[in-house]
Each structure stands twice: as C-alpha cells, then as structure tokens.
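J.: Questions regarding the structure given below will be posed in turn.
The values are calculated or read from the model by the stated rules, or taken from the named source; none is laboratory data. Quantities reported herein were computed from a predicted structural model and do not represent experimental measurements. Heads up, the Cβs are rebuilt from the backbone with ideal geometry, glycines too, and the neighbour counts pull from every protein chain shown. Heavy atoms of the whole protein, side chains included, go into the accessibility calculation; ligands, DNA and RNA do not. Shrake-Rupley method; radii C 1.70, N 1.55, O 1.52, S 1.80 Å.
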Amino acid sequence: MNDLPVTPRFRFGMCFSQLARRWRQVIDRHLAAAGLTDATWVPLVHLQETGGGLTQKDLAARMGIDTSSLVRLLDILCRQNLVERRVDEKDARARLVFLTPSGAERVREIRRELYRAEEDLLADLSDADVEDVLTSFEKIDARLREAQARQSKEAT
C-alpha cells in the first residue's frame, strides 16, 4: 500500500505526462488529416520559432530525438525543398539548418491548423487561464533546466 499523501503535487507528474501525450495525439491526428505528419511539422516549427540556423545537433535536442533520426528526416525535408543545410562558417564540420521559402509557407499552413485545433482544445479556458498555465510551465521549465544542468555536471 502506498503511504505517500495523495496531494495535487503527488498527482501532477503522471497527470501532466498523460495530458501531454493525449494533447500530442489529438494535434497529430488533426495535422495528419490536413496532410501534415509529425515527422514533417515538428522540425519546421522549431526552425521557425528559433529563426533557423540551428545545428543538426541542437535541432535534434530541441525535438528530443537522436541526431541520426534527425538526419534521415532532414534528408526528406531537403528533398521536399522545405529546409536546407548550410555549412557553419565557424565550424566547417557542422551543418546549420534553415527553412526555405517553401518551408516557411508550410509553417504558416501548420500554424493555421495548430490554431484551429488548439482553439477547440482550449475553448473552456480564458486567455488569463492559459496565461497562468504558461507562467507555471515557465517556472517548471526553469527547474527542469537546473536539474538537467546538475545531472550533466554530476555525470562528468
């Protein structure tokens, strides 16, 4: 039997994980119905949000996938003329990834679809409610980054 108190803090992690998974599933299905798969929309949105010019390693880290998986995905996106790789002027071994004009247009399509889906999913929350949640996410994210930095130091 569990002797830990069942408080909102105790329930948060599991609830948040399940919510994030279901959110992503609904968003992915919505975008797939619009012809946009997870493999194509996620890196494009990350590139748009950052302004592009990310190394493949940094983009993979933002997406939470390994670099070899990203390379295969970027090959597909390059063939579709949605992204391009450029040699990093500071490090000729590194490749920087940028959206092409076609990629930027695709992101606009993705953003329109995301807006439609999220407008529906957030219909029961006011803008102030959403802002409060985002503020809480920022605080949690800061703690997560601190924990990751400590773990990285401990691992070395």
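J.: Taking a cut-off of 19 Å between Cα atoms, list the lysines near LYS57, but don't count ones fewer than 8 places away on the same chain.
T.: Answer for LYS57, where 19 Å is the Cα cut-off: LYS90, listed by chain and number.
J.: From Cα pairs below 8 angstrom and at least 6 apart in sequence, can you work out the relative contact order of the chain, rounded to a whole percent?
T.: Over the chain, the number comes to 20 percent.
J.: Under a Cβ-only charge scheme (Lys and Arg +1, Asp and Glu -1), can you give me the dipole magnitude of the stretch 68-108 about the Cα centre, in debye to the nearest 20?
T.: Using only the charged Cβ atoms, the result is roughly 100 debye.
J.: Hey, another quick one. Looking at the chain as a GNM with Cα springs under 10 Å, which of THR67, THR100, THR135 has the largest mean-square fluctuation?
T.: Comparing THR67, THR100, THR135 in a Gaussian network model of the chain, the most mobile one is THR135.
J.: Next question, about the same structure. May I ask you to give the solvent-accessible area per residue for the stretch 22-61, in square angstrom, as obtained with a 1.4 angstrom probe? Walk me through the intermediate numbers first.
T.: Numbers: 2030 Å² over 40 residues.
Value for the stretch 22-61: 51 Å² per residue.
J.: Over the Cα atoms of the chain, what Rg and Dmax result, in angstrom?
T.: My reading of the Cα-based Rg and Dmax gives 18.6, 59 Å.
J.: Taking the Cα centre of the stretch 15-156 as origin, sum charge times position over the Cβ atoms of Lys and Arg (+1) and Asp and Glu (-1), and report the length of that vector in debye to the nearest 20.
T.: Working: 23 positive and 25 negative charges, 147 e Å.
The dipole of the stretch 15-156 has a size of about 700 debye.
J.: Got a sec? What order do MET14, MET63 fall in by accessible area at 1.4 Å, biggest, i.e. largest, first?
T.: Numbers: MET14 125, MET63 40 Å².
Largest accessible area first, the list is MET14, MET63.
J.: Let me ask another. Loop-only GluC sites (Glu not before Pro) in the stretch 58-156, please: DSSP not H, G, I, E or B, and at most 12 other Cβ atoms within 10 Å.
T.: GLU89
J.: Of the options THR100, VAL6, VAL130, report the single residue whose Cα projects farthest towards the positive end of the charge dipole of the chain (beta-carbon charges: Lys, Arg +1; Asp, Glu -1).
T.: Checked the options; the winner is THR100.
J.: What trypsin sites (Lys or Arg not before Pro) in the stretch 75-156 are in a loop by DSSP, with at most 15 other Cβ atoms within 10 Å of the Cβ?
T.: Details: sites: ARG79, ARG85, ARG86, LYS90, ARG93, ARG95, ARG106, ARG108, ARG111, ARG112, ARG116, LYS139, ARG143, ARG145, ARG150, LYS153; in loops: LYS90.
The qualifying sites are LYS90.
J.: Additional query: For the chain, what is the calculated [θ] at 222 nm in deg cm²/dmol (nearest 500), taking -39500 (n - 2.57) for each run of four or more DSSP H residues and dividing by its residue count?
T.: Mean residue ellipticity, 222 nm, calculated: -24000 deg cm²/dmol.
J.: Turning to a different aspect of this structure: Along Cα→Cβ, 7 Å out, is where each label goes; now give me the distance between the ones at LYS153 and SER69 in nm to one decimal.
T.: Label-label distance for LYS153 and SER69, simple model: 3.0 nm.
J.: Ok, one more. So, with a 1.4 angstrom probe, what is the percent of accessible area on the stretch 6-87 that is carbon and sulfur?
T.: Reported share for carbon and sulfur atoms: 55 percent.
J.: From the protein chains alone at 1.4 Å, what is the descending order of accessible area for TRP41, TRP23, largest first?
T.: I get TRP23, TRP41, largest accessible area first.
J.: What is the sum of charges, Lys and Arg at +1 and Asp and Glu at -1, for the other residues whose Cβ falls under 13 Å from the Cβ of GLN18?
T.: Every neighbour counted, the sum reads +4.
J.: For the chain, modelled as a GNM with alpha-carbon contacts under 10 angstrom, which of VAL97, VAL133, VAL87 fluctuates the most?
T.: Of VAL97, VAL133, VAL87, the Gaussian network model singles out VAL133 as fluctuating most.
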